[in-house]
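First up is the structure itself, then whatever we jot down about it.
The values are calculated or read from the model by the stated rules, or taken from the named source; none is laboratory data. Computed from a predicted model, the values in this text were never measured in an experiment. Every residue, glycine among them, receives a Cβ derived from its backbone with ideal geometry; neighbour counts consider all protein chains shown. Keep in mind that these areas ignore ligands, DNA and RNA; they rest on the heavy atoms of the full protein, side chains included. Shrake-Rupley method; radii C 1.70, N 1.55, O 1.52, S 1.80 Å.
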Amino acid sequence: MYPVLWEPFGFAISSFGVMMAIGFLLSERIVARRLAEQRLDPELSSTILVYAVIGGVVGAKLYFAIDAALRGERYFFDALFDRAGMTWFGGFMGGALAGTIGTYLHGIPTGPVLAAVATAAPFGQACGRIGCFLVGDDYGRPTAAWYGIAFPEGAPPSLVPVHPTQLYEVVWLLLIGALLWRRRKASPLLFAEYLVLAGAGRFVVEILRVNPRIALGMSGAQWIGCAMVVIGSAAWLIAVRRSATRPDPRASP
């Protein structure tokens, strides 16, 4: 574990923060390449990145603070302004909302941007999950398997081997990223496919996590994962129907 990489002038640089920055920068490069493929200005990716970073960080902190306050673990403002505590779902929703607002404000076509983001998001998330692993956060239940890992300096610490669910999610996200990249020109709605695959993966990983169950034996992350699958599936089916009824431009008049 490497929760803190170095401390210049007494300011701790966490491995999670570094991996999060790498994830944003990697995503920006992938979005730029995808925009260029769609004959859009690749420099637009930097504009979207600014909105996504701000919205992602704010959303991640807000979700964490609200969740901690509702469960009675922390006071809202204590959790909000603590350096620790970032929730992926909050970051995803905040980043998506802010990025979409950015496309409207700058007159950027939203559809192609969302398609580009779908190819980049899994790789950016994978970097974030590596950061979670390095700081010992978001691990799973105790296990006697040979691949179990203890996180004595984790958040919270674990002295017994547990499922490294962060790494399970990294593998799944990399597979999603590779699949969506291959389907980037064939999918009727790539962002919908991303929602379905990311939501389903998170639902399964949560089975091994220790997050509290809030209703029907499922955690909050599982409920949000289900919502992502439902919304993504509905949007994908609508896109398929629209593409089926759209006239073929190659057809003779």
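Some points to look at:
- Checked against the criterion of being among the aliphatic types (A, V, I, L, M), modelled with pLDDT of 95 or more and closer than 30 Å to Pro164 by Cα, the candidates Leu180, Leu195 yield just one match: Leu180.
- Residue satisfying all of: in the range 99-114; open to solvent by 20 Å² or more (accessible area, probe 1.4 Å) and small (Gly, Ala, Ser); farthest from Phe151 (Cα to Cα) among these: Gly107
- Qualifying residue in the range 82-97 (condition: open to solvent by less than 20 Å² (accessible area, probe 1.4 Å), at pLDDT below 85, in a helix (DSSP H, G or I) and farther than 17 Å from Gly220 by Cβ): yes
- The range 200-242 - residue that is in a helix (DSSP H, G or I) and in contact with a Lys or Arg (Cβ under 7 Å, 6 or more places away or on another chain) and, of those, surrounded by the most Cβ atoms within 10 Å (Cβ to Cβ): Gly225
- When residues in the range 138-179 are screened for being within 19 Å of Gly128 (Cα to Cα) and part of a helix (DSSP H, G or I), 14 of them pass.
- One residue alone among Gly217, Gly177 is of a type outside the set (D, E, K, R), free of Cβ contacts under 8 Å to residues at least 12 places away in the same chain and over 18 Å from Gly111 (Cα atoms), and that residue is Gly217.
- The range 158-199, residues that are within 13 Å of the chain's Cα centre (by Cα), farther than 18 Å from Gly148 by Cα and open to solvent by less than 70 Å² (accessible area, probe 1.4 Å): Leu173, Ile176, Gly177, Phe191, Tyr194, Leu195, Val196, Leu197, Ala198, Gly199
- Whichever residue in the range 26-45 is modelled with pLDDT under 85 and assigned to a helix (DSSP H, G or I) and, among such residues, is farthest from Gly95 (Cα to Cα): Leu44
- Taking the criterion of being over 19 Å from Tyr63 (Cβ atoms) and either among the charged types (D, E, K, R) or in contact with a helix residue (DSSP H, G or I) (Cβ under 6 Å, 6 or more places away or on another chain) (or both), the only residue of the range 202-228 that qualifies is Leu208.
- Enumeration of residues in the range 15-69 that are surrounded by fewer than 19 Cβ atoms within 10 Å (Cβ to Cβ), over 18 Å from the mean Cα position of the chain (by Cα) and not basic (Lys, Arg): Ala36, Glu37, Gln38, Leu40, Asp41, Pro42, Glu43, Ser46, Thr47, Ile66, Ala69
- Subset of the range 130-141 [open to solvent by 20 Å² or more (accessible area, probe 1.4 Å) and closer than 16 Å to Leu174 by Cα]: Ile130, Phe133
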